[in-house]
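This report concerns only the one structure given below.
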Amino acid sequence: MRSLILSSFLMLIIAGCSVTTYNRSISQGKIENPDIVITAQDKSFTIKNEFSSPFQSSTRYNSLEMPDRDLPKAYRQALYHGAKHVRIKVPNRDQELFGVLALDKADDEGVGPSTQSYKIIVPQPYIDAAKNGKISVVYEYYKLKNDGLIDVGKIKERSWILWLSDQDVFR
């Protein structure tokens, strides 16, 4: 009985400490490569170079809840939480890529520049991997402040996520 009470108490402490609040809006960003242009599938926005965030989603994919290996299939959940269908113009390709873009708010306990501004970088190997209907995923992450009770230093919170493919596999 004593171990049950102790384990219940520890669970309560851990649950209370792991609550995150995504209240910090990120209102601006920059696409690092000036040749990359991201346009909403419905043409409601286009982002390139420096941009104001056209929307805020609530994807909440941190590395504890969603490891990197699970991200390629997570675009459906992201769409449910406000991510947008997009087309991506990339250098050295005649055809635009299809994609899903999530631009999330930052956790109040987040630290680093990606809690203030999106910096979208789409490296060439990720563009090359998005062929024959395969999905490639790029994102930016930030860390959380340690509160002294539990070590959250290894958890990566993602501020934006972009899923890419040469075929419209995101419908």
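Computed on the Cα trace of region 22-165, the radius of gyration divided by the Kirkwood hydrodynamic radius gives Rg/Rh = 0.96. Summarising the amide proton neighbourhood of TYR141: residues at separation of 5 or more, or on other chains, whose placed amide H is nearer than 5 Å comprise SER159.
Between ILE88, ILE161, ILE121, find the one with the highest GNM mean-square fluctuation for the chain; connect C-alpha pairs within less than 10 Å. For the chain, modelled as a Gaussian network with Cα springs under 10 Å, the answer is ILE121. Packing, as the average of other Cβ atoms within 10 Å across residues, places the peptides 103-113, 32-42 in the order 103-113, 32-42, highest first.
Compute the long axis of helix 2-17 from its Cα atoms, compare it with the longest principal axis of the Cα atoms of the chain, and write down the angle in degrees, 0 to 90, nearest 10. Its long axis makes an angle of about 40 degrees. So the label point goes 7 Å from the Cα of ARG93 along Cα→C-beta, right? Which residues of region 42-84 then have their backbone N under 14 Å from it? Within reach of a label on ARG93: no residues. With the charge dipole of region 22-165 set up from +1 on Lys and Arg Cβ and -1 on Asp and Glu Cβ about the Cα centre, the Cα lying farthest toward the positive end among the listed residues ILE47, SER159, GLY133 is that of GLY133.
Going from the fewest other Cβ atoms within 10 Å to the most, the residues LEU149, LEU101, LEU71 appear in the order LEU149, LEU71, LEU101.
FRET efficiency for the pair ASN132 and GLN77, taken as 1/(1 + (r/R0)^6) with r the Cβ-Cβ distance and R0 = 30 Å, rounds to 0.80. Spatially, region 113-135 and region 28-78 are offset by 9 Å when compared through their Cα centroids. Here the Gaussian network model covers the chain, with springs between Cα atoms less than 10 Å apart; of GLN28, GLN124, GLN56, GLN124 fluctuates the most. Entry note, the chain: the mean residue ellipticity at 222 nm calculated from DSSP H runs of n ≥ 4, each adding -39500 (n - 2.57), is -4500 deg cm²/dmol after division by the residues and rounding to the nearest 500.
Quick check on my link table: of LYS48/LYS156; LYS131/LYS156; LYS73/LYS131; LYS89/LYS119; LYS105/LYS134; LYS30/LYS131, which ones sit more than 20 Å apart, alpha carbon to alpha carbon? Going by Cα-Cα distance, LYS48/LYS156; LYS131/LYS156; LYS105/LYS134; LYS30/LYS131 fall outside the 20 Å limit.
The Cα atoms of region 70-145 cover 42, 26, 19 Å along the three principal axes, with the biggest extent listed first. Residue-wise HN-Hα couplings along region 77-89, as the Karplus relation 6.51 cos²θ - 1.76 cosθ + 1.60 with θ = phi - 60° gives them from phi, are 5, 4, 4, 4, 9, x, 5, 10, 5, 9, 10, 10, 8 Hz; Gly and Pro carry x. A cut-off of 5 Å between modelled amide H atoms, ignoring neighbours fewer than 5 places along the same chain, links LYS134 with ASP166.
None of the figures in this text is laboratory data; all of them are computed from the coordinates on show. Note that the structure is a prediction, hence the values are computed from the model and not measured. Glycine gets a Cβ as well: all are built from the backbone with ideal geometry, and neighbour counts include every protein chain shown.
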